[in-house]
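Contents: one structure, followed by commentary.
The values are calculated or read from the model by the stated rules, or taken from the named source; none is laboratory data. Note that the coordinates shown come from a computational prediction; the quantities given were computed from them, not determined experimentally. Note: ideal-geometry Cβ built from the backbone for every residue, glycine included; neighbour counts use all protein chains shown. SASA here: full protein model, heavy atoms, side chains in, ligands and nucleic acids out. Shrake-Rupley method; radii C 1.70, N 1.55, O 1.52, S 1.80 Å.
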Amino acid sequence: MDIIHLLPDSVANQIAAGEVVQRPSSVIKELMENSVDAGATSIDVLIVDAGRTSIQVIDDGKGMSETDARLAFERHATSKILRAEDLFSLHTMGFRGEALPSIAAVAQVQLRTRTADHDLGTDLSIEGSRVVSQEPCSCPVGTNIEVRNLFYNVPARRKFLKSNQTELSNIMQDFERIVLVNPSVSFSLTHNGTLITRLPAASLRQRIVSVFEKKLGEQLLSVEVDTSLARITGFVGKPESARKKGAHQFFFVNGRFMRHPYFHKAVMDAFAHLVPEGEQVPYFLYFDVAPENIDVNIHPTKTEIKFENDSAIWQILQAAIRDTLGRFNAVPTIEFDVQGRPDIPTFEQHPGQPVRAPRVEYNPDYNPFQKSASPRRTDHWEQLYDISSATDSAMPVTPQPSDTSLPSADEAEVAQLFSDENDLEMSSEHFQFRGQYILTSVRSGLMIVEQHRAHVRILYEQYMKQMETHSATTQGLLFPEMVQFPPSDAHLVDQISDTLSALGFDISPLGGGSFSIQGIPSGLDGVDAASLLTQMVEEAREERPGHASLHDVHHRLALALARSASIVVGQALTSQEMDTLLSHLFQCANPNMTPTGKSILTVLSPEDIEGFLS
Ligand code: ADP
Ligand code: MG
């Protein structure tokens with residue numbers, strides 16, 4: 001008996017759907033791309049329950065005829081290519097004719113569409129690949145498609161969907177990628193009846209600014225180069241816009257978002273020596289290449305794209321960025337290596353060697369524990385002494401070798417050393433060395449404490465405790481500050497709003513991604529409220545909402561705040577201040593290590609000292 005048979009279309013479509021439709025965001029991406037391909041000038045996306053219940057995309061594009069509407073749901077039905085050769089000269093987003101049949105296989109779809117040359121449109125309903133009805137209707141020119149109850153007939157996949165928060169983040173991400181490449185199209189995104197973002201048709205620069213924050217507008221330098229191999233246009237951030245994480249970085253090729261680690265490196269190389277190591281600049285770079293020079297047969301959900309001449313394009317890209325940086329004279333303004341970042345004094349350094357003066361102002365009266373006093377700092381104080389940079393983002397906390405050559409204390413030894421108040425027997429006289437270390441005598445020898453790390457530890461524990469006990473105090477701002485976040489970040493702010501208020505932030509949403517800051521945690525005077533909040537959001541973004549535990553989020557935010565509020569290297573401390581700092585340090589649960597595992601202190605025993613002198 002023969003056992004091989006052809007699968008019915010509905011089953012084949014469901015299998016194909018597994019590739020194309022992975023989650024609500026993939027549906028939104030496919031539908032939006034279809035609208036763009038249809039020449040729409042306005043595209044509205046409406047979703048309910050992060051796309052689980054309903055996804056609706058309304059466009060004013062060219063629409064479909066009655067027959068085309070029906071055909072659109074047949075597998076490999078497409079108006080975009082006719083022959084295999086066409087695959088090599090693609091100018092549209094879609095071409096496989098797979099999206100609509102795949103979506104209709106796993107959801108309930110209603111399509112209303114009309115072309116300009118018909119007075120009546122057509123209203124088509126399909127459920128799980130089955131046409132339920134099709135009848136004439138009156139509707140505007142364009143297409144209005146609604147996808148309800150995604151995966152209603154594939155319970156296993158429906159169960160597999162992540163939390164609404166996570167699905168929404170994915171949606172925002174795909175939405176961003178499409179709006180950034182179609183600035184002349186106006187878009188809106190509405191979730192559960194609330195308008196999340198409305199983007200009018202604009203120039204590319206305006207579009208970037210309205211998707212992200214306003215201040216990005218002043219930071220962008222335009223890039224433009226036209227060669228026979230590729231045309232590259234767009235923007236890169238000025239070197240001073242570099243940050244440790246969360247830089248917005250986008251590559252697009254022929255209107256499609258792509259990831260390209262190799263080209264990313266070209267951009268980073270062009271900025272080498274202009275930005276501190278480990279920091280990243282934002283970029284929005286658009287490649288136009290002849291379609292035959294890229295591999296078009298890419299998987300619908302993949303974002304990696306192969307280029308025919310990638311090493312030549314690498315050179316072009318890097319030269320274009322260098323040229324941009326040179327033209328805007330950005331180069332001389334930011335030589336971090338020589339001006340911004342003083343040498344960190346280390347024990348290995350020869351004592352006679354001059355140390356460049358850090359650019360912080362000294363404030364001898366500063367008491368880190370007096371709430372009203374605030375450390376004076378320059379805008380770039382973090383760069384003066386960044387004990388964190390690369391390794392700080394590494395979690396969980398693991399001890400790491402100190403990168404400032406502070407001889408690392410044997411943890412167990414020190415822990416034991418300070419297990420009992422009496423053992424500490426600290427002298428009341430302390431000595432500050434090079435504005436960075438506090439030297440004091442303890443029973444077992446000479447203790448050397450790194451002041452910034454010590455303060456970070458103290459503040460970190462303080463903030464963690466405040467979050468647990470909701471005991472934070474808020475310091476009101478005289479003038480509330482407004483911050484505007486891109487949709488994905490605005491959504492994050494909502495997610496972490498409880499944590500933020502437990503830390504002492506007083507913020508309220510104004511809608512459309514705007515927030516007003518009325519208060520910030522006490523003890524942080526002198527910091528810019530808006531950038532502090534932005535920093536918090538960036539930290540939280542790193543934590544991948546929906547994946548991280550609340551504790552991880554707390555850890556991250558407490559650490560970021562502690563860094564913002566802590567005394568810096570170069571800060572002169574009075575004897576009294578040093579005393580306060582040390583006594584707070586030894587009230588900490590873990591006085592030995594920073595929250596990221598760097599040594600805070602070491603003790604040189606009399607034997608060690610004898611050894612040095614012998
Ligand atoms: P593809 O985009 O790869 O061609 P799809 O399954 O996404 O495949 O769409 C099938 C066809 O349906 C398209 O080729 C196009 O002709 C038509 N179509 C889909 N969406 C729209 C729309 N919003 N407006 C006009 N035509 C559309
Ligand atoms: Mg398509």
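Can you tell me which of (1) away from ligand 2 (no atom under 16 Å from the Cβ); (2) modelled with pLDDT of 85 or more is the one Ile145 doesn't meet?
It fails just one condition, (1).
From (1) crowded, with 17+ Cβ neighbours inside 10 Å; (2) modelled with pLDDT of 85 or more; (3) part of a loop (DSSP other than H, G, I, E, B), pick out the condition that doesn't hold for Ala247.
Ala247 satisfies all of (1) crowded, with 17+ Cβ neighbours inside 10 Å; (2) modelled with pLDDT of 85 or more; (3) part of a loop (DSSP other than H, G, I, E, B) except (1).
Looking at (1) without any contact (Cβ under 8 Å) to a residue 12 or more places away in the chain; (2) out of contact with any strand residue (DSSP E or B) (no Cβ under 8 Å at 6 or more places or on another chain); (3) more than 14 Å from ligand 1 (Cβ to nearest atom), find the lone condition where Asp117 falls short.
(3) is the only condition that Asp117 fails.
So in the range 439-449, with the set limited to residues that are touching a strand residue (DSSP E or B) at 6+ places or on another chain (Cβ under 6 Å) and over 14 Å from His584 (Cα atoms), which one is most open to solvent (accessible area, probe 1.4 Å)?
The selected residue is Leu446.
So which residues in the range 180-223 are assigned to a loop (DSSP other than H, G, I, E, B), of a type in the set (A, V, I, L, M, F, W, C) and within 20 Å of the chain's Cα centre (by Cα), if there are any at all?
The answer is Leu180, Val181, Phe212.
Can you find a residue in the range 542-564 that is among the aliphatic types (A, V, I, L, M) and farther than 30 Å from Gln165 by Cβ?
no
Looking at the range 224-236, which of its residues are at pLDDT below 95, outside any loop (DSSP other than H, G, I, E, B) and touching a helix residue (DSSP H, G or I) at 6+ places or on another chain (Cβ under 9 Å)?
If the condition is that a residue be at pLDDT below 95, outside any loop (DSSP other than H, G, I, E, B) and touching a helix residue (DSSP H, G or I) at 6+ places or on another chain (Cβ under 9 Å), then Glu224, Val225 are the ones that fit.
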